[in-house]
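Trainee: My questions all concern the structure below.
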Amino acid sequence: MVVGICDDEAYIRDGIKNILMNYAYSTGEEHYIVPFTCGEEIFMFNGHIDLLFLDIEMTNSNGIDVMHSLLMSNKVWRIVFVSSHDEFVMDVFGVKTLAFVKKPFRDTDIIKWFKVVESELNQDFTITIEEAQTKRLIKASDIIYIESNGNYTDLYLRDERIITRRALNKWEEILQKGDFLRIQKSYLVNMNYIEKINSDVILKDGTMLAIGRSYKKSSISEYNDFVIEKMRNRR
């Protein structure tokens with residue numbers, strides 16, 4: 001796992017790093033830990049970060065602004081805010097945010113969320129798709145929603161759209177072990193990207209998708225169960 005630690009105070013970065021290194025030593029695992037002093041360094045990093053421990057108020061950047069900039073990118077998978085400013089706790093939650101840890105923190109506070117992300121990554125899976133006579137692997141977690149379009153399906157990822165010949169029913173079979181919800185005959189949606197459900201589904205990026213009449217009751221019920229289960233796992 002690649003873990004980023006973004007804080008302008010060296011003793012905080014070193015403290016989190018030492019906690020993670022000691023835990024990795026106890027489990028016999030290896031992890032790549034990358035320190036950052038500001039948000040700009042995160043965007044300059046040439047790689048993907050599975051878990052980012054992020055401060056809110058730093059000398060050269062604001063962690064909440066960094067979170068919003070990362071929201072629909074592939075740069076970071078999950079964020080845990082680590083800050084003494086708990087007045088901002090309601091502002092930090094988004095599709096990538098797991099938790100808010102208040103300073104001073106305990107070893108168990110850091111390890112707990114590390115293990116949650118480790119579990120999520122183990123549950124994620126890749127899918128092979130054919131694209132212009134070539135095969136390509138994509139992660140299920142990168143799919144925001146899938147739309148049926150005649151004999152084709154359009155996959156909407158965080159930063160692109162892919163057209164495939166695979167039917168929506170087939171996608172539903174492939175993604176049944178993921179967090180996907182069928183909201184009508186034309187749409188399959190990743191529940192991690194849903195902002196809210198009422199008469200429509202509203203995604204984190206503002207996209208609005210209509211719910212089919214026969215799917216409305218089951219969609220709302222299944223999404224509510226999903227949210228409750230997520231909150232249980234994040235306690």
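Any read-out appearing in this document is the output of simple, stated calculations on the displayed coordinates, not a laboratory observation. Keep in mind that what you see is a predicted model, and the values were worked out from it rather than measured. Methodologically, a virtual Cβ is constructed for each residue, glycine included, from the backbone with ideal geometry; neighbour enumeration extends over all protein chains shown.
Trainee: Summing -39500 (n - 2.57) over the DSSP H runs of n ≥ 4 in the chain and dividing by its residue number, what mean residue ellipticity at 222 nm do you reach, to the nearest 500 deg cm²/dmol?
Mentor: Roughly -10000 deg cm²/dmol at 222 nm, from the helical runs in the chain.
Trainee: Hey, can you rank 214-220, 111-117, 202-208 by average C-beta count inside 10 Å, highest first?
Mentor: 111-117, 214-220, 202-208
Trainee: Give the calculated FRET efficiency between T207 and N149 to the nearest 0.05, with a Förster radius of 22 Å applied to their Cβ-Cβ distance.
Mentor: Calculated value: 0.90.
Trainee: How many percent of all Cα-Cα pairs in the stretch 178-235 sit more than 12 Å apart?
Mentor: For the stretch 178-235, the share of Cα pairs beyond 12 Å comes to 64 percent.
Trainee: Run the simple label-point estimate for N46 and V2 please: 7 Å along Cα→C-beta, distance reported in nm.
Mentor: 1.2 nm
Trainee: At each listed q (0.10, 0.17, 0.23 Å⁻¹), what is the log10 of I(q)/I(0) that the Debye formula gives for the stretch 126-233 modelled as equal alpha-carbon point scatterers?
Mentor: -0.27, -0.79, -1.39
Trainee: Please list, or write none, the lysines whose alpha carbon is within less than 21 Å of the alpha carbon of K112, excluding same-chain residues fewer than 8 places away.
Mentor: K17, K96, K102, K103, K230
Trainee: Over the chain, what is the percentage of antiparallel beta bridges among all DSSP beta bridges, to the nearest 5?
Mentor: 60 percent
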